[in-house]
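Data block below; observations after.
Each reported figure results from applying straightforward, stated rules to the coordinates on display, with no laboratory input. Please read all numbers here as calculations on a predicted model, not as lab measurements. In this analysis, Cβ positions are derived from the backbone assuming ideal geometry, glycine residues included, and neighbour counts consider all displayed protein chains.
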Amino acid sequence: MVFQFWNNTRLFVQLISLCCLTLLQINSQIFTFTVICMDDIKMNHTGENQHWIDSNSDKNILFSATAVGALFGIIPAVPLLHKFGVRKIQTLCGIFSSIGTILFPFSVDYTGYFGVMICRVLQGFGISILLTLIGVIPRSWSPEDEVGTYLAILSCAYQISSTIFLSSAGFMCESSLSWRFIYYLFGFISVLFFGIFYVFYTDSPKSHRNVSISELQKIETGKKETAKEKVPYFAICTDLCNIIAWISFLGGNLGYTTFLLYGPTYLRDILKMDAKTAGLSNGIPYLFCAIIKLVVGRVSDKLPGIREKTRFTCWLFISVIGIVIGMLVMAWTDDHLIAQGGFTFSIATSGLVIMAAIRCLQLRTLQHCHFAVSVISFLAYVVQFIIPLGVDFICPDNTPQQWSKLFIVISILMILTSIPFPFITTQNAGKYTKKHSKIDIISDDKL
């Protein structure tokens, strides 16, 4: 008899998916922290030219390299995901990410700057469909009345990765294990978990041997069943609701990405923390962020009578207002403790932007949400590419005054891009979703 996980196979699918998404994000993020504790390669450098680790411009290029890999990866990933499904494509992304992570220390020691950049690009390939999967997996595996919670949990991959990685990396950096061990540890753990994912995951609950009939009915109730059909790219891309959701995410993601890439650098260079303290101070706010997302997602699912648009609009503005308040506090204070408080508050409230944008697009594009959310992925990596260029331009000397200017600029952009969201977005599906749709045969009165 097949074990059916107490009619909760979907929760185990969710768990292994969350672990894999978290590892993809960790692998892409490792360099943003280890860059502050790679002093040994400076001491071992014997060449006449400046080592790239001493060049802010060279390091900023490496910060952007994952975005380059992700941008190149997302272009073929959308049609490949549509053709081959989540299981095969996510496993392929996991392979790229694992290779780039495991080979990174070797590249630093023996191949030079070009080899290091290749590893960063491979890590970027790994995260190319991360956001897309956060939107697609809940659509396949979550019951309608649990979608907010399911989405919140999977999107916590960003916060869990930062909490686990940053909190542990600070200790490993200052121990005898050194920064190299961090890459080997997470690289080989990734190989293990993506092997498990490939064996256990299926693209549909209907084809999973461990899903019981009662659980399948729970998952499918109230959903629409659609055959694979051509994605109406033009209709989706010209839909004003989608455009505004994308723009709002683009602006809201500016603050989050800045902290993701430069949080450790800001804490060490501006707030003068050592590696261990910077790791903890950078990791703990993401734990708060994950808790807030889970609570908000669960409460939203359980509150009756609230329109979906009201829910995702509130999610967006809680995040935007929280990030802006924190950034302005950081910009206008010289007190390190107050600045750290603003830093923590911004990160803790930053996680709901992605939930708002993805939920809006899920409802609007339905069976085509893999493409709509892939645009979010594309925009996220555009931001990840641009932020290092902006930091290099506004903060060339890495002074507190320059960082204050950066925080003010980002705050203004976030506010401007969020204003149209409540007026133009809608919870109703677009006309392009209804061409080949039919109501699922499983309904409440048949259970």
Okay, helix-only estimate at 222 nm for the chain: each DSSP H run of n ≥ 4 adds -39500 (n - 2.57), divide by all residues, round to 500 deg cm²/dmol; what do you get? -24500 deg cm²/dmol
For the chain, averaging the sequence separation of alpha carbon pairs under 8 Å that lie six or more residues apart and dividing by its residue count, the contact order in percent is 25 percent
Lone cysteines, the chain (no partner Cβ under 4.7 Å): C19, C20, C93, C119, C156, C237, C241, C289, C314, C360, C369, C395
One quarter of the C-alpha convex hull surface, i.e. the mean projected area of the stretch 49-131 in nm², amounts to 5.6 nm²
For the stretch 254-362, the fraction of alpha-carbon pairs in successive 10 Å shells from zero, as %: 15, 43, 26, 13, 3
Fewest-first sequence of Y113, Y262 by Cβ atoms within 10 Å of each Cβ: Y113, Y262
Bins of 10 Å from zero: percent of alpha-carbon pairs in the stretch 97-150: 24, 30, 19, 18, 9, 1
Reduced Cα scattering model of the chain, Debye log10 I(q)/I(0), q = 0.07 Å⁻¹: -0.34
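Exactly which trypsin sites (Lys or Arg not before Pro) in the stretch 205-286 are in a DSSP loop and have at most 11 other Cβ atoms within 10 Å?
Values: sites: K206, R209, K218, K223, K224, K228, K230, R268, K272, K276; in loops: R209, K223, K228, K230, K272.
Those that pass, being in a loop and sparsely packed, are R209, K228, K230, K272.
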Based on the alpha-carbon set only, what is the convex hull volume of the stretch 135-218 divided per residue, in Å³? 108 Å³
